[in-house]
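Only one structure is covered here, and it is reproduced in the block below.
The values are calculated or read from the model by the stated rules, or taken from the named source; none is laboratory data. Here the structure is a predicted model, which means the values were calculated and not measured. Every residue, glycine among them, receives a Cβ derived from its backbone with ideal geometry; neighbour counts consider all protein chains shown.
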Amino acid sequence: MRREFLPLSKPDIGYGEIKAVTKVLKSGYLTTGSKVTEFERAVCNYLGKDLFAVGLNSCTAGLYLSLVASGIGSGDEVIVPTWTFAATAHVVLWTGAKPILCDVEESSLNIDIQKMKDLITRRTKAVIPVHFAGYPCDMDEILPIAGKNGIAIIEDAAHAIGTEHKGRKIGSFGNMAAFSFYATKNLTCGEGGMVVSNNKRIVEKIRKKSYFGINKKAFNRYNKKGSWYYEIEEMGYKYNMDNIHASIGLIQLKRLRKMIRRRRAIADLYKKNLDVRIRRTKDDSQNLHSYHLFTIAIDKKIISRDLFIKKLKQRNIGTSVHFIPLHRHPYYKRLYKKTCFPVADRVYEEILSIPMFSAMSDRDAYYVIEQINDVLKRLPGRRKGG
C-alpha cells in the first residue's frame, strides 16, 4: 500500500519559476508592469498570429469583462453548458443577463451544439462554450452558427491552454477566449488569467476596464517616462495581473509543450491499462487533448461512484468530481424551476476525475491503474471484463 497520498493535481514548479519570481521581488516592481506585457505577447505568439491579449487576475475576470466589453446586460441571454464550474454562469448574472443552461454531449461533456442552436432566441447575445478537461468544442460548427445569428462567442478556455482543434490552438479562433492560470491548471501562475482575441479594440476595452477605467496602463504612472496624471474615463474594476504572477507564467509557457506531452503520456498509460469497464471521455486524432483532467466513469450498477471514490481514498489516491452540473446546485434550482438535462444528470452519477499532473511519474500512474483495477476485481460476483 502506498504510504503517501497521491493528489488529484499538483503544480509543476521548478527552479526557473523560483528564479524568475526572485528577480521580480528584487527589482522592487511587483505590480502590473513589463513582465505582464511580455507574458501577454508570449501567449499571443504561442497561440497564433494576429492576436491580442490582456493579463488578468483570473479567468473569471476574463469571462466577465468579455461579456461587459460585448455590451451584454439586463434583458439579454447567454447560452452556457450546465456542465461547468459556477464561474461560467455567475459572470452572466453579474451583468444582469440570464444564463440559459444547455445540456452536453455524452462523448466529450462539451456543449451539445444542436441543443445550443435550439436555445437561440432574439434575446441571445452570446454563447460560452467550455472546453471541458482540455478537449476542444467543435469550433468549426459553433462559429458559423454564431455568425448567422449575430451572437458573440466567449470561450471558457480555463482547461484548454495548449489544446488544439484540427491543428489550431484554442484561443486562435477569434471573438474572445479566457484562460485560467490557477494552481491546478496545465500552465500555472498560482493565480491569474488572460483574455485573447483577434479584436484589438475589444482587448484594449477589457484592459481599461480591468484597472478602474484609467486611460493608460497603470505602470506608466510610476516609471521614469510616465506622468502622475491620469483620467478615469469609465467605470472599471481591479482585475489586473501583476509582474510576480506573469514572471511565473513566462517560464511555464516555455515548458508548456513538454508538460502537455507528459500529460498525454500519462493519459496513454491510463487508456491502455485501466479495466475495460472504465469509460472515458472523448479523444481523437483530429484534436490535441491537453488533459487538464482525466475523467472516468463506472456504471453505477457495478459500483456507486461515491463508494468508488471512498475506496480509492482509502488507498491514498486523490479524486474529485468535475462537475456538479449547475442545475443541481440549490441556487440554480431556484432560478430554473423546470430542468431537463438528461445527459448531464446521467453522467454526473458515474463520473470522477483521477490524478493527472505533469510531475507524475509512471510509477504513480501504474499505482492508480493497479488500485482501480483491484477495486473492481474485488467486487462481489464481478471479474475483469465481466
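Some notes on this structure:
- Residue satisfying condition, being touching a residue at least 24 places away in the same chain (Cβ under 8 Å), part of a loop (DSSP other than H, G, I, E, B) and hydroxyl-bearing (Ser, Thr, Tyr), within set Thr121, Thr88: Thr121
Every residue, every condition in (1) among the polar types (S, T, N, Q); (2) surrounded by fewer than 23 Cβ atoms within 10 Å (Cβ to Cβ); (3) not assigned by TED's automatic domain parsing to the domain that holds Leu288, yes or no:
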site	(1), (2), (3)
Ser66	yes, no, yes
Val91	no, no, yes
Asp112	no, yes, yes
Ala158	no, no, yes
Gly162	no, no, yes
Arg168	no, yes, yes
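Residues are listed down the side, and each one gets a yes or a no for (1) over 19 Å from Phe39 (Cβ atoms); (2) small (Gly, Ala, Ser); (3) at pLDDT below 85:
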site	(1), (2), (3)
Tyr211	no, no, no
Lys217	no, no, yes
Ile232	yes, no, no
Met235	yes, no, no
Ser247	no, yes, no
Gln252	no, no, no
Arg257	no, no, no
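- Criterion violated by Ile302 - all others in (1) surrounded by 14 or more Cβ atoms within 10 Å (Cβ to Cβ); (2) under 27 Å from His131 (Cα atoms) satisfied: (2)
- A Cβ distance below 8 Å, combined with a sequence gap of six or more or placement on separate chains, defines the contacts here; from segment 148-165, residues that are in a helix (DSSP H, G or I) reach residues that are not hydroxyl-bearing (Ser, Thr, Tyr) in the pairs Asn149/Ile120.
- From Val347, Val321, Val343, residue being in contact (Cβ under 8 Å) with a residue 12 or more places away in the chain and surrounded by 19 or more Cβ atoms within 10 Å (Cβ to Cβ): Val347
- Residue list for segment 158-214, restricted to those being under 14 Å from the mean Cα position of the chain (by Cα), under 26 Å from Ile145 (Cβ atoms) and among the aromatic types (Phe, Trp, Tyr): Phe179
- In segment 4-24, residue farthest from the chain's Cα centre (by Cα) [restricted to those that are among the hydrophobic types (A, V, I, L, M, F, W, C) and closer than 13 Å to Cys189 by Cβ]: Val24
- Of the residues making up segment 100-118, those that are assigned to a helix (DSSP H, G or I) and either free of Cβ contacts under 8 Å to residues at least 24 places away in the same chain or of a type in the set (A, V, I, L, M, F, W, C) (or both) are Ile113, Gln114, Lys115, Met116, Asp118.
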